[in-house]
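Notes for the one structure printed next.
Computed from the coordinates by the stated procedures, all read-outs in this text should not be read as laboratory data. This one's a predicted model, so the numbers in the text were calculated from it and none came from an experiment. Note that we place each Cβ from the backbone using ideal geometry, even for glycine, and neighbour counts take in every protein chain shown.
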Amino acid sequence: MAGYDRVRHGGAAIQAVETAIRILEASGLFNAGVGSRIQLDGIKRMDAAIMEGHGLRAGAVAAIERVRHPITAARLVMEKTAHVLLVGPPATRFARHFNVELQSRSHRAARTRTATWGKRDLLTKKTLALFKAMRRQEQSNLETVGAVALDEQGTLAAGASTGGVAFMLPGRVGDTPLIGCGVYADNKAGAVSMTGVGEGIIRIGIAKEIADRLAAGVAPAVAVRLVLSKLVSRINGSAGALVLHPNGRLSIRHTTLRMAAGYWRGSGTPFVADDFRS
Ligand code: ASP
């Protein structure tokens, strides 16, 4: 609703997407921002991307640490640089240069408490504690966050932010910060934001493939169904998609067991559910 309020008051779709994702990143209820998963060395490295469909401008960060809102760091890459993607400690330094908010000490604590990767004895108490912490995260079913929006000027935007998948090697990067894989927006096609196992999403290049089908005139629900079927049949992948057509039609679909998502058209009660498979 906060995102919708932005466009309702004449704001840009990109602003709506960033606003919505910032709320989810700060909630701690999802696998993004403060709620991000940790990698096998106990460090949270987060990925995010944002794109707008008028000028096809995009920004992304991968393996960024400590910041509270990776989506804002991604938007800064888009707005303040001539680049699309910054990674690792330089991405963190870039974000800090713009004084972005950092996560509180308690949210960052996993870093020092459990950082054991590279030590000789991998079966230390610390390592076992790390595995227990990761298993707990797994059971809590935290999900990546994403948003798509269309503004009054007819510009589309898409974004996503994640802490990655469970039991990741340090340095692993998924689909989320890769434009055309986890995120894509083109006013002449549609806006797409993905969740799911990034390795499969990358190999199919899903966000761009869905957008290409929309551009060819395929309806959003059909495009997303065809591409997700391809993901499953070709490489046994697993994903969910938010897809918004330039005409405002929205499609949400997933092959994962559940996918919490919602939308609001500006009046009445917002629609929220966790099963969009039928
Ligand atoms: N797609 C994200 C990744 O692979 C994870 C997720 O969506 O849950 O990093």
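Among residues other than Arg75 whose Cβ falls under 11 Å from its Cβ, what is the net charge (Lys/Arg +1, Asp/Glu -1)?
0
Taking a cut-off of 17 Å between Cα atoms, list the aspartates and glutamates near Lys44, but don't count ones fewer than 8 places away on the same chain.
Here the aspartates and glutamates satisfying the reach criterion relative to Lys44 are Glu25, Glu65, Glu101, Glu138, Glu143, Asp175.
Show the residues, 5+ positions off or on another chain, whose built amide H is closer than 5 Å to the amide H of Leu102.
Arg68
Return the inverse of the average 1/r over all pairs of distinct C-alpha atoms in the chain, which is the Kirkwood hydrodynamic radius, in Å to one decimal. Provide the component values of the computation, followed by the final result.
On the way: mean 1/r = 0.0539 Å⁻¹.
By the Kirkwood definition, the hydrodynamic radius is 18.6 Å.
So if I place +1 on the C-beta of Lys and Arg and -1 on the C-beta of Asp and Glu, and nothing else carries charge, what would the dipole magnitude of the chain be about its Cα centre? I want it in debye, nearest 20.
Using only the charged Cβ atoms, the result is roughly 1000 debye.
May I ask which residue of Gly164, Phe98, Ile43 lies farthest towards the positive end of the charge dipole of the chain, with charges of +1 (Lys, Arg) and -1 (Asp, Glu) on Cβ and the Cα centre as origin?
Towards the positive end, the residue furthest out is Ile43.
Under a cut-off of 19 Å between alpha-carbon atoms, report the aspartates and glutamates in cross-link reach of Lys188, not counting same-chain residues fewer than 8 places apart.
The reachable aspartates and glutamates, counting only those whose Cα sits under 19 Å from Lys188, are Glu52, Asp151, Glu152, Glu209, Asp212.
With runs of 4+ DSSP H residues as the only contributors, calculate the mean residue ellipticity of the chain at 222 nm using -39,500 (n - 2.57) per run, divided by the residue total and rounded to the nearest 500.
Calculated at 222 nm, the ellipticity per residue is -10500 deg cm²/dmol.
From the backbone phi of the stretch 256-265, what are the Karplus-calculated ³J(HN,Hα) couplings (6.51 cos²θ - 1.76 cosθ + 1.60, θ = phi - 60°) in whole Hz, Gly and Pro given as x?
Per residue, the Karplus-derived 3J(HN,Hα) values read 5, 4, 9, 8, 6, 7, x, 8, 9, 9 Hz.
Going by alpha carbons, how many degrees (0 to 90, nearest 10) lie between the helix axis of 125-139 and the longest principal axis of the chain?
20
Give me the net charge of Phe30's neighbourhood, meaning all other residues with Cβ under 11 Å from the Cβ of Phe30; Lys, Arg count +1, Asp, Glu -1.
Here the charged neighbours net out to -1.
Could you work out which residue, out of Arg96, Arg45, Arg105, moves most in a Gaussian network model of the chain, that is, has the largest mean-square fluctuation with Cα springs under 10 Å?
Arg105
Select from Gly53, Gly10, Ala32 the residue farthest towards the positive end of the dipole of the chain; place +1 on Cβ of Lys and Arg, -1 on Cβ of Asp and Glu, and compute about the Cα centre.
Ala32
I need to check one value: relative contact order of the chain, counting alpha carbon pairs closer than 8 Å and at least 6 residues apart, in percent. Please list the in-between numbers first.
Values: 692 pairs, mean separation 53.2, N = 278.
Computed over the chain, the figure is 19 percent.
Between Ala149, Ala91, Ala241, find the one with the highest GNM mean-square fluctuation for the chain; connect C-alpha pairs within less than 10 Å.
Highest fluctuation among the options: Ala91.
For Arg225, what charge total do you get from the other residues with a beta carbon under 12 Å from its beta carbon, if Lys and Arg give +1 and Asp and Glu give -1?
Working: positive: Arg213, Lys230, Arg253, Arg277; negative: none.
Neighbourhood net charge equals +4.
Taking 2.2 N^0.38 Å as the expected size of a compact globular protein, what ratio does the Cα radius of gyration of the stretch 170-264 give against it, to two decimals?
Relative to the rule-of-thumb radius for its length, the stretch 170-264 sits at 0.99.
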